Amino acid sequence: MALSLNKPKLDNLAGDIWKSAERLRGKFKAYEYQNVILPIIAIRRLECVLLKWREQKKAEIRAKQPKRTEKELDKLVKELEKNPQQAPFSNKTNWTLRKVYEEDHTLLEENFRAYINGFSKNVDDIIEHFNYRATIGQMVKYNRLAPILNQYKELDLGPDQLSNLEMGYIYEELLRRFSEQSGEEAGEHFTPREVIRLMVELLDISIPEKHISIYDPACGTGGMLSVAKEHLLDRAATPKEKANVEKYVTVHGQEMSPTNYAICQADLLIKNDRQAKVHLGNSLIPHEAHSKEPGDQLPETKFRFDFMLSNPPFGVTWGGKDGYETEARKLEKSRYRAGMPRVNDGALLFLQTMLAKMQPPEKGGSHIAIIFNGSPLSNGDCGSGESEIRRWILENDWLDAIVMLPDQLFYNTPIFTYVWLLRNDKPASHQGRVMLIDARQRFEKEPKSFGQKRNRMTDADRTWIEERYRDGWHKGYADEEVKIFRREDFAYHKVSVVFWQFDEHDQPAIITEPYEKAFTTANLKKEQEFYASDLTFRMRVKVGKTEKTETLTINPKDNAAKKFKALMEDDPEVLSVDWTHRHYVKDDEYVPQGEDIAAFLKREIAKPIIRWENSPQLGYEILPNKYFYRYRPPTPARDLLEEFWRLEKEAEKMLEGLAK
């Protein structure tokens with residue numbers, strides 16, 4: 001399967017389609033454009049497939065039965081079309097978009113609805129999820145049905161003209177534009193095909209001799225699942241191997257957006273892939289029959305998968321009024337038992353969903369590839385949901401490798417991204433170890449930017465990564481872009497430490513300052529416990545009309561409450577309080593696992609340590625940028641000055657030219 005796209009051709013087509021969306025301006029709101037345009041594209045593409053099938057079937061029959069009339073042929077083909085064993089989908093009417101448009105326009109809506117209602121149930125399901133019947137009413141109301149039908153009735157959108165890869169690009173480019181127009185995030189839709197191909201190749205899926213399953217919990221328009229299967233078909237060297245891929249490989253997905261789901265289903269129908277099952281619903285919550293929102297219809301209690309890959313939306317909110325926290329927490333003691341991340345980033349919920357669906361090692365285990373931004377690597381302090389999830393993954397030895405990708409690879413974000421590779425069947429050479437590959441420089445510039453995608457990975461770049469992932473485990477392998485860590489290297493102790501700050505003479509400091517807290521027994525007890533040394537409080541108080549200064553000294557063994565009560569016996573009005581105490585500082589230090597904590601604190605703080613306390617569990621974080629940091633000395637001042645004066649002279653010459 002070719003990964004390259006004829007982007008000028010596709011941009012021209014996307015531009016023409018976009019013009020039809022712009023004709024809706026003033027009648028439809030920006031966020032409604034896609035409700036009109038995406039369904040008619042899907043319907044026209046399905047129609048192109050159906051028209052071609054009819055012509056081919058008619059030619060087959062004519063060759064065998066040349067005496068049949070055109071009318072007889074049409075009737076026979078129509079009967080065959082209605083048979084699901086003959087055609088993947090059908091339309092019981094004789095309408096097409098062209099015929100509907102060319103008939104009496106006073107009957108345009110009636111005829112178009114008849115055509116739409118004539119499709120077989122599998123296409124009707126797609127139309128329903130687009131909610132297109134309601135949109136037709138709006139199009140008629142605003143006098144936009146005829147212009148839309150006129151534009152699309154002859155547009156060649158069939159698979160012969162546009163491959164599934166190219167059609168996927170068109171859909172995603174339009175989704176990106178629709179999102180920009182309506183001010184929405186476009187972060188949920190499209191993964192560049194070269195990135196999907198890399199993920200599939202790193203999963204190392206073999207040509208099967210028995211059933212294998214591939215799963216994506218956030219499948220969008222189906223790109224990852226399609227590329228995964230197409231990759232296997234490309235690798236199949238013989239007709240038997242191709243037949244095995246078609247026979248044994250099943251793909252499974254779930255998608256939350258009805259529009260994306262409908263596009264995905266249309267794509268599967270066009271390919272006539274009977275081994276693909278995609279469900280509408282939220283894969284992060286349980287599926288309950290009476291729930292308003294469909295949930296995970298491939299639960300781990302019934303389904304396990306051999307290979308899983310996904311690019312879940314970055315920074316998806318799953319809690320609060322905009323989320324589904326109540327439903328997700330029903331899985332807190334099962335699927336999400338390791339922990340739950342912060343409510344404004346559900347990325348790690350997707351990973352836990354995939355991990356829950358792994359085949360047990362005795363049944364062959366599972367391999368996972370998932371794309372994340374930088375947040376899941378290190379967000380969350382020791383003991384937080386994110387850290388606990390990382391701890392669970394690493395202590396179970398499931399994380400195999402992380403590949404650092406270049407920036408500006410994606411259509412809707414310029415950020416750096418990371419491919420996590422996980423498996424529960426690590427070979428001996430991988431066990432207890434995690435590989436990091438720095439592929440941030442493995443790209444070439446796009447000839448023309450697409451959204452925020454300005455870089456692309458070539459076949460050579462993908463091969464470079466795959467070779468390092470394959471060979472980097474070998475003893476003696478050396479490459480500065482490949483590092484292998486023990487899983488314990490990502491662990492740390494969070495240590496709460498109190499130390500005595502120094503003064504300007506590098507001596508333990510004692511300071512006097514205003515006491516800003518409420519002057520109460522409870523607060524005095526807290527200060528006594530924290531400092532465990534002499535404290536002196538000087539108070540300006542007012543008793544009646546008399547102001548005076550009182551002094552209260554508390555040492556570690558004093559009864560602070562009794563002393564305070566004696567001082568306040570006359571119920572004076574406290575005007576101000578100063579206090580004198582040792583200058584203690586309380587801080588958190590993050591100590592790498594395996595280091596002596598006391599020695600680390602003495603070395604790093606280099607001041608008298610009063611006390612320290614370790615956290616009850618280890619924290620885990622992964623910091624790829626730190627591991628691959630290379631110091632680059634700054635440009636010498638002399639060179640900067642020379643460059644400045646060179647540019648200054650160039651500017652002077654340009655100004656002189658303008659003056660002439």
### Query
In region 551-563, is there at least one residue being touching a residue at least 40 places away in the same chain (Cβ under 8 Å) and not in a loop (DSSP other than H, G, I, E, B)?
yes
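Could you please let me know if ARG337 is more than 26 Å from VAL251 (Cα to Cα), modelled with pLDDT under 95 and either crowded, with 22+ Cβ neighbours inside 10 Å or not β-branched (Val, Ile, Thr) (or both)?
no
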### Query
Got a number for residues in region 371-414 being free of Cβ contacts under 8 Å to residues at least 60 places away in the same chain, open to solvent by 10 Å² or more (accessible area, probe 1.4 Å) and β-branched (Val, Ile, Thr)?
0
### Task
Being touching a Leu at 6+ places or on another chain (Cβ under 7 Å) and not aliphatic (A, V, I, L, M) is the filter; apply it to region 252-278 and report the residue that is modelled with the lowest pLDDT.
THR259
### Task
Would you please list the contacts, defined by Cβ atoms under 6 Å and residues six or more apart or on different chains, that run from a residue in region 334-347 that is farther than 14 Å from GLU300 by Cβ to a residue that is open to solvent by less than 50 Å² (accessible area, probe 1.4 Å) and of a type in the set (Ser, Thr, Tyr)?
ASP345/SER375
### Query
Given (1) more than 26 Å from VAL434 (Cα to Cα); (2) open to solvent by 30 Å² or more (accessible area, probe 1.4 Å); (3) assigned to a helix (DSSP H, G or I), where does ALA328 come up short, assuming only one miss?
(2)
## Note on the structure
For region 146-164 the number of residues that are under 18 Å from ALA14 (Cβ atoms), part of a loop (DSSP other than H, G, I, E, B) and either among the polar types (S, T, N, Q) or open to solvent by 60 Å² or more (accessible area, probe 1.4 Å) (or both) is 4
## Note on the structure
Filtering region 296-317 for residues that are buried (at least 22 other Cβ atoms within 10 Å of the Cβ) and either basic (Lys, Arg) or within 16 Å of ARG329 (Cα to Cα) (or both) leaves a count of 1
### Query
Within region 612-620, is even one residue modelled with pLDDT of 95 or more, of a type in the set (D, E, K, R) and either surrounded by 10 or more Cβ atoms within 10 Å (Cβ to Cβ) or in a helix (DSSP H, G or I) (or both)?
yes
### Query
ASP461 fails exactly one of the following numbered conditions: (1) surrounded by 19 or more Cβ atoms within 10 Å (Cβ to Cβ); (2) part of a loop (DSSP other than H, G, I, E, B); (3) among the charged types (D, E, K, R). What is the number of that condition?
(2)
#### Entry: Count of region 99-137 residues which are more than 23 Å from LEU80 (Cα to Cα), in contact with an Asp or Glu (Cβ under 9 Å, 6 or more places away or on another chain) and in contact (Cβ under 8 Å) with a residue 40 or more places away in the chain
1
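Return yes or no: is PHE303 among the aromatic types (Phe, Trp, Tyr) and at pLDDT 95 or above? Talk me through it step by step, then tell me what you get.
Values: among the aromatic types (Phe, Trp, Tyr): yes; at pLDDT 95 or above: yes.
In short, yes.
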### Positions within region 495-527 being open to solvent by 50 Å² or more (accessible area, probe 1.4 Å) and touching a Ser or Thr at 6+ places or on another chain (Cβ under 8 Å), in sequence order
ILE510, THR512, PRO514
### Summary
With the first residue restricted to region 240-257 and required to be buried (at least 16 other Cβ atoms within 10 Å of the Cβ), and the second required to be acidic (Asp, Glu) and part of a strand (DSSP E or B), Cβ contacts under 7 Å at 6 or more apart or on different chains are GLY253/ASP216; GLN254/ASP296
### Query
Out of (1) part of a helix (DSSP H, G or I); (2) surrounded by 15 or more Cβ atoms within 10 Å (Cβ to Cβ); (3) free of Cβ contacts under 8 Å to residues at least 12 places away in the same chain, what's the single condition that is false for ARG68?
(1)
## Note on the structure
Given (1) farther than 17 Å from ARG193 by Cβ; (2) in contact (Cβ under 8 Å) with a residue 60 or more places away in the chain; (3) surrounded by fewer than 19 Cβ atoms within 10 Å (Cβ to Cβ), GLU466 misses just (1)
### Task
State whether the residues of region 252-261 include one that is farther than 28 Å from ASN35 by Cβ and of a type in the set (Asp, Glu).
no
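The values are calculated or read from the model by the stated rules, or taken from the named source; none is laboratory data. Being a predicted model, the structure only gives us computed values, none of them experimental. For neighbour counting, all protein chains shown are included, and Cβ atoms are generated from backbone atoms with ideal geometry for every residue, glycine included. Note: areas computed on protein heavy atoms with side chains; ligands, DNA, RNA excluded. Shrake-Rupley method; radii C 1.70, N 1.55, O 1.52, S 1.80 Å.
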